[in-house]
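The values are calculated or read from the model by the stated rules, or taken from the named source; none is laboratory data. These figures come from a predicted structure and were not determined experimentally. Don't worry about glycine lacking a Cβ; one is built from the backbone with ideal geometry, like all the others, and counts go over all protein chains shown.
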């Protein structure tokens, strides 16, 4: 079989992204105020069993890198899956209120001050909030035993707005407790500061299952993009597959919220971009989204650290870049459309 | 059939749930603390004095707080005591000892005597402090009967504003209270540049005079606003005395720190290095733009927080985030954490594998300070300085 241009493009793209990711990962591991020699020596001594103290490489930089990679991959893949399921390039985990639900329960954990006593309360709240929201949206949009995609989107937007309003009401009620407001603001802005193995444990099981689930159903996702009727005719159990994929998205989003906080636009723009580069087949789209998501998130974090930029958090800078990228893509699509080209 | 479906669903979901829950149970199972819990805060009643320094007057936080709340007799008495302390320290000699200028000292005593001898007038004013600082100053300068309403959160800060005091103020400043406030006929409202423009306009429409307060960015801003409010509410002498008292209190605390430093240097080659950090979701070092940073600039021989800010060239920011790796790299002898008080944070620090490697944590030289006082943009900033110095004394 002769490989086509698209295959070559994918091949080079994967190699380039792999190289960038490797460089970013290495720099993330090396960069720090404590000198690399000292870090490495202590790490080596720990492997030999002669040093049991805290080590920046083993106890902070490696877990932080894992959290960054998991978050980037989770957000990009969940966005890709949502866009495919809704046949809508504007879809993201936010559209069903999944992120809002997760964020609301995490907010409650912070207000009740449980996060210090019970570290697992945050991932549990993030995942439970995401899942409960999903269940609520699904139940409310069910009519005569069926779920119409348009009803699902509208219900999702309504629930999302409601949850956002509840969150705003809580913040308003707590406005005098500025110390708590400051904690919540910092969390909502997203951060990769001081991520350790605890955060990895919060996120990794959710991410592994979520990513595996999305990959497992990649053929069904491809068929679902043809439309529900066609998918049913081709033997896909639409409702069941869709529900399971939503669960996977809830796992991925919940894990990312638990470990890093709220990261806007990432799940919206990256899959859109990757789909433009290599086409809509989820067989290639999902792995590439994992790679692009991890690489771009690692790059952003590294840039913030290397240039010591404190004015932005990883969440705010992602939102700014994501928003700008989205605007550029939209303008470009409009121009192409006006010229009479078919936009992929 | 439904039973079959249930069993099929269980077979699929149960392993997934068990995988996640199992992972979390193993990862988050309670690990015993490797470090014994530290006695959290030094006892507040412990005065700043040392066995070798018995000749100095007692300086207790409660006394200081009472004076800052507007006790004229106590203010004049303490100013005299601190001046005597300074003279004693100069005679030792303790290098760098400061005294209040003669003019300020005499003026404080003159005001004290005048206010003690003058007849008490019946409260006649009616003021509406919309900001924290204005309310704090008004509590010190005028009778609570003259205050129409206060921001609601001040009622929760009972350590600075006792319930008996705030209960005398009938209303809270609330967006639904404008008519009730109008009925109380406040003469002057103290607003800030960040006040809601609609509220400010409404107050103006009601014929209430407005005084826009300056942003409390520096300690000088705080004291000059104090003088301005004193003149507006017709208590200029009380305001002037309070300003002199604030200056005197800072000097008295500086002098005690100098004595403490000379005592330290008798037994060790250098002073302990202290690092002050804020804690919310993560750790931040206050810069010189904050009041805490300005307090730290008074103790450059001890403090390493501002050095870190300078090294990072982040003087233009309000706070600089610091991760655990950098905290360990700085390895301070004393760690002061400003945040929400509570044992949970203490546990977090003690049980954190990185933080417990820091010298200050290993040697139990870490302290929590309540941010209500540390970030108070009012005369109580003196108590914030007292608390920082108090932790150093406790470390001895």
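Computed values, structure above
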{"quantity": "Verdict on residue A:151 being in contact with a strand residue (DSSP E or B) (Cβ under 8 Å, 6 or more places away or on another chain), closer than 29 Å to residue A:89 by Cα and more than 14 Å from chain B (Cβ to nearest Cβ)", "calculated": "yes"}
{"quantity": "Residue count for the stretch A:265-315, restricted to those that are buried (at least 21 other Cβ atoms within 10 Å of the Cβ) and free of Cβ contacts under 8 Å to residues at least 40 places away in the same chain", "calculated": "1"}
{"quantity": "Hey, residue A:273 within 18 Å of the chain's Cα centre (by Cα), away from chain B (no Cβ under 14 Å) and more than 21 Å from residue A:190 (Cβ to Cβ) or not", "calculated": "no"}
{"quantity": "Residue in the stretch B:357-376 that is buried (at least 22 other Cβ atoms within 10 Å of the Cβ), farther than 20 Å from residue B:291 by Cβ and either in the same structural domain as residue B:215 (by TED's automatic domain parsing) or free of Cβ contacts under 8 Å to residues at least 60 places away in the same chain (or both) present", "calculated": "yes"}
{"quantity": "Members of the stretch A:239-270 that are over 17 Å from residue A:290 (Cβ atoms) and in a loop (DSSP other than H, G, I, E, B)", "calculated": "A:261, A:262, A:264, A:265"}
{"quantity": "Residue list for the stretch B:371-385, restricted to those being within 19 Å of residue B:62 (Cβ to Cβ) and more than 10 Å from chain A (Cβ to nearest Cβ)", "calculated": "B:373, B:374, B:376, B:378, B:379, B:380, B:381, B:382, B:383, B:384, B:385"}
{"quantity": "Residue B:252 vs. criteria surrounded by 21 or more Cβ atoms within 10 Å (Cβ to Cβ), modelled with pLDDT of 90 or more and outside the structural domain of residue B:296 (by TED's automatic domain parsing)", "calculated": "yes"}
{"quantity": "Identity of the residue in the stretch B:323-343, under 21 Å from the mean Cα position of the chain (by Cα) and within 12 Å of chain A (Cβ to nearest Cβ), that ends up modelled with the lowest pLDDT", "calculated": "B:343"}
{"quantity": "Residues of the stretch B:344-355 satisfying the condition of being at the interface with another protein chain (Cβ under 8 Å from one of its Cβ atoms) and touching a residue at least 40 places away in the same chain (Cβ under 8 Å)", "calculated": "B:345, B:347"}
{"quantity": "The listed residue being more than 14 Å from chain B (Cβ to nearest Cβ) and farther than 22 Å from residue A:76 by Cα, out of A:143, A:92, A:160, A:99", "calculated": "A:143"}
{"quantity": "Given (1) modelled with pLDDT of 90 or more; (2) over 30 Å from residue B:352 (Cα atoms); (3) surrounded by 15 or more Cβ atoms within 10 Å (Cβ to Cβ), index of the condition residue B:208 fails", "calculated": "(1)"}
{"quantity": "Filtered residues of the stretch A:47-62 (kept if within 12 Å of chain B (Cβ to nearest Cβ) and either surrounded by 15 or more Cβ atoms within 10 Å (Cβ to Cβ) or in a helix (DSSP H, G or I) (or both))", "calculated": "A:54, A:55, A:56, A:57, A:58, A:59, A:60, A:61"}
{"quantity": "Residue count, the stretch A:165-201 (criterion: closer than 30 Å to residue A:242 by Cα, more than 8 Å from every other protein chain (Cβ to nearest Cβ), outside any loop (DSSP other than H, G, I, E, B) and modelled with pLDDT of 85 or more)", "calculated": "5"}
{"quantity": "Condition broken by residue A:232, with the remaining ones in (1) outside any loop (DSSP other than H, G, I, E, B); (2) more than 9 Å from every other protein chain (Cβ to nearest Cβ); (3) touching a residue at least 60 places away in the same chain (Cβ under 8 Å) satisfied", "calculated": "(3)"}
{"quantity": "Within the stretch A:25-43, considering residues that are under 30 Å from the mean Cα position of the chain (by Cα) and surrounded by 14 or more Cβ atoms within 10 Å (Cβ to Cβ), the one modelled with the lowest pLDDT", "calculated": "A:33"}
{"quantity": "Within the stretch B:85-192, helices (runs of 4 or more DSSP H) holding 2 or more residues that are in contact (Cβ under 8 Å) with a residue 24 or more places away in the chain, under 30 Å from residue B:59 (Cα atoms) and within 26 Å of the chain's Cα centre (by Cα)", "calculated": "B:102-117, B:132-141"}
